[in-house]
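**Student:** Structure below; questions to follow.
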Amino acid sequence: MKVEDFDFYLPEELIAQTPLEQRSESRLMVLDKETGEMTHEVFKNIISYLQPGDCLVLNDTKVLPARLYGIKEETGAKLEVLLLKQMEGDRWETLVKPAKRLKLGSEVSFGDGKLIAKCVEELDHGGRVLEFFYEGIFYEVLDELGEMPLPPYIKEQLEDQDRYQTVYAKERGSAAAPTAGLHFTKSLLEEIKEMGVHVAFITLHVGLGTFRPVSVDNIEEHDMHSEFYQVSDETAQLIGRVKEQGGRIISVGTTSTRTLETVARNHHGKIQSESGWTDIFIYPGFKFQAIDGMITNFHLPKSTLIMLVSALAGKEPILHAYETAVKEHYRFFSFGDAMLIK
């Protein structure tokens, strides 16, 4: 299967640069995966498509202010560092720009020395393992010095940093937001619960592999970056009960989907509590074992994310839906509109 098979025309002006004032006022396309039928809605009306006994599964990861701007100690050269994932202790895998300026043993200072990083390993594609030195609590220092790591497609500055967090974000560790969840407000979630829909949480810390382009022609040759996930006993038991009682499991976002399908693959289709690292790559031909439907944003051409939604709804129906979304001026990507595949 070729990467080119997942290409479509996307005018640059449809990549949303800022979030809407009201989270749940974004548009919602509802796609029936059996018939291909499309309905156009407002996101807050998603309650019309949920049924008592269903279960929404949300990713409660919290985005770190993971972008840091520093000065190389020896030369005064400016560097940008993006934290990708914590390895052990104060060592982090990072992406450095320009990477050629940071060699093994070099040090970078952030915030006039409040935070110092030493390069302890050089990786491919600008990757560096940095060890950090500081006084106090690392995350408090990061809150003071770091910036929210918006995707490269977003050129506008974000005035309210919380708009790149879901309202239920709790577990710190992501380099990017699980953006399908950005449409939910606390009041909408309460309304959903009151109608008898269960709400469960998993954690997957989103890495930058989400934004990396597929660099091979055949998608079967693409290697996904691994990301840390966790499913609690409470969530596993709830999903098990919902499935036994005939309710639908509707994942909110590609991250929730990848987590649930990883766990189901590990346990013969069952959801059990566990944590680990996943590099699952879902594309057409994949047999879903965990989810029945999915809420997601509109993704970029030739991305692993459009391949994932094509696996669930079919490549042709998805490409037709995306063609319609472009014609109807839906907003794409992180701050864009949503799709429910049911």
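The values are calculated or read from the model by the stated rules, or taken from the named source; none is laboratory data. All values reported here derive from a predicted model rather than from experimental measurement. Counting neighbours? That spans all protein chains shown, and the Cβs are built from the backbone with ideal geometry, glycine included. Each accessible area value is taken on the protein alone, full model and side chains, heavy atoms only, with ligands, DNA and RNA left out. Shrake-Rupley method; radii C 1.70, N 1.55, O 1.52, S 1.80 Å.
**Student:** Using a 10 angstrom cutoff on alpha carbons, build the Gaussian network for the chain and name the most mobile of Ser109, Ser24, Ser215.
**Tutor:** Among Ser109, Ser24, Ser215, the largest mean-square fluctuation in the Gaussian network model of the chain belongs to Ser215.
**Student:** Tally Lys and Arg at +1 and Asp and Glu at -1 over the other residues with C-beta under 13 Å from the C-beta of Thr324: what net charge comes out?
**Tutor:** Around Thr324, the surrounding residues sum to -3.
**Student:** Something else now. On a straight-distance basis, which lysines could pair with Lys100 in a cross-link, Cα separation under 18 angstrom, same-chain partners fewer than 8 positions away excluded?
**Tutor:** Within the straight-line cut-off, Lys100 pairs with Lys72, Lys78, Lys118.
**Student:** A further question on this structure: Normalised by the number of residues in segment 1-147, what is the relative contact order in percent for Cα pairs under 8 Å and 6+ residues apart?
**Tutor:** Normalised by residue count, the contact order of segment 1-147 is 15 percent.
**Student:** May I ask you to order 305-315, 280-290 by the average number of other C-beta atoms within 10 Å around their residues, highest value first?
**Tutor:** Top to bottom by mean Cβ count within 10 Å: 305-315, 280-290.
**Student:** If the cut-off is a Cα-Cα distance under 16 Å, which lysines reach Lys270, setting aside same-chain residues fewer than 8 apart in sequence?
**Tutor:** Partners found: Lys243, Lys287.
**Student:** Continuing with this model, one more query. What residue among Gly293, Gly240, Gly181 has the largest mean-square fluctuation in a Gaussian network model of the chain, using Cα springs under 10 Å?
**Tutor:** Maximum among the listed residues: Gly240.
**Student:** Report the Cα centroid-to-centroid distance between segment 302-334 and segment 85-100 in angstrom, as an integer.
**Tutor:** So the two Cα centres are separated by 33 Å.
**Student:** Please list 3J(HN,Hα) in residue order for segment 141-147, calculated via the Karplus relation 6.51 cos²θ - 1.76 cosθ + 1.60 where θ = phi - 60°; whole Hz, with x for glycine and proline.
**Tutor:** Listing the rounded values in order: 5, 5, 4, 6, 9, x, 10 Hz.
**Student:** Pull out the extension gain between Glu80 and Glu37, defined as 0.36 nm times the separation in residues minus the alpha carbon to alpha carbon distance; nm, one decimal.
**Tutor:** Between Glu80 and Glu37, full extension yields 10.9 nm more.
**Student:** Where the only charges are on Cβ atoms (+1 Lys, Arg; -1 Asp, Glu), what is the dipole of segment 182-242 about its Cα centre, to the nearest 20 debye?
**Tutor:** Approximately 280 debye in magnitude.
**Student:** Pairs Lys97/Lys302; Lys44/Lys186; Lys44/Lys170; Lys33/Lys315; Lys155/Lys186; Lys44/Lys155: which are spaced more than 18 Å apart, C-alpha to C-alpha?
**Tutor:** Long pairs (Cα-Cα over 18 Å): Lys97/Lys302; Lys44/Lys170; Lys155/Lys186; Lys44/Lys155.
**Student:** What's the center-to-center distance, using Cα atoms, between segment 46-62 and segment 1-39 in Å?
**Tutor:** Result: 19 Å between the Cα centres.
**Student:** While we're here: In sequence order, what are the phi-derived ³J(HN,Hα) couplings for segment 169-182 according to the Karplus relation 6.51 cos²θ - 1.76 cosθ + 1.60 with θ = phi - 60°, rounded to whole Hz, with x for glycine and proline?
**Tutor:** Working through the residues one at a time gives 4, 9, 8, 5, x, 8, 9, 7, 7, x, 6, 4, x, 5 Hz.
**Student:** While we're on this one: Evaluate the charge dipole of segment 179-324 about its Cα centre and quote only its size in Debye, nearest 20, assuming +1 on the Cβ of each Lys and Arg and -1 on the Cβ of each Asp and Glu.
**Tutor:** 180 debye
**Student:** Mind checking the per residue accessible area of the chain for me, 1.4 Å probe, whole number of Å²?
**Tutor:** On a per-residue basis, the chain sits at 46 Å².
**Student:** Could you tell me which residue out of Leu208, Leu82, Thr35 lies farthest along the dipole of the chain toward its positive end? Charges go on the beta carbon: Lys and Arg +1, Asp and Glu -1, centred on the Cα centre.
**Tutor:** Looking along the dipole axis, the top candidate is Thr35.
**Student:** Take every Cα pair under 8 Å in segment 40-119 that's 6+ residues apart, average their separations, divide by the length, and report that relative contact order as a whole percent.
**Tutor:** 22 percent
**Student:** Which percent of the accessible area of segment 1-142 is formed by carbon and sulfur heavy atoms (probe 1.4 angstrom)?
**Tutor:** C and S fraction of accessible area: 47 percent.
**Student:** Taking Cα atoms, how many degrees apart are the long axis of helix 233-244 and the longest axis of the chain, rounded to 10 and kept between 0 and 90?
**Tutor:** It works out to around 20 degrees.
**Student:** Peptides 49-62, 123-136: what's the order by average Cβ count within 10 Å, highest mean first?
**Tutor:** Peptide ranking by packing, descending: 49-62, 123-136.
**Student:** Candidates [x] 34, 26, 21; [y] 32, 24, 20; [z] 34, 22, 20; which is the computed semi-axes √(5λ) of the Cα gyration tensor in Å?
**Tutor:** Correct label is [z].
**Student:** Hey, another quick one. Calculate the FRET efficiency for Gln22 and Glu121 from the Cβ-Cβ distance with a Förster distance of 45 Å, rounded to the nearest 0.05.
**Tutor:** Efficiency for this residue pair is about 0.50.
**Student:** As I understand it, the value is the acute angle between the Cα axis of helix 304-313 and the longest principal axis of the Cα atoms of the chain; what does it come to in degrees, rounded to 10?
**Tutor:** The angle comes out near 10 degrees.
**Student:** Output wanted: per-residue J couplings in Hz (rounded whole) for segment 15-32, from phi through Karplus 6.51 cos²θ - 1.76 cosθ + 1.60, θ = phi - 60°, x for Gly and Pro.
**Tutor:** 7, 4, 9, 9, x, 5, 4, 10, 3, 8, 8, 5, 7, 9, 9, 9, 10, 7
**Student:** While we're here: How far is helix 315-327 tilted, in degrees, relative to the longest principal axis of the Cα atoms in the chain, given as a value from 0 to 90 rounded to the nearest 10?
**Tutor:** 80 degrees
**Student:** Averaging sequence separations of C-alpha pairs under 8 Å and six or more residues apart, then dividing by the length of the chain, give the relative contact order as a whole percent.
**Tutor:** About 26 percent, as a whole number.
**Student:** Considering only the chain, what is the antiparallel percent among its DSSP beta bridges, to the nearest 5?
**Tutor:** Given both bridge residues lie in the chain, the antiparallel proportion sits at roughly 70 percent.
**Student:** Charges only on Cβ, +1 for Lys and Arg, -1 for Asp and Glu: so what's the dipole of the chain about the Cα centre, in debye to the nearest 20?
**Tutor:** That gives a dipole near 200 debye.
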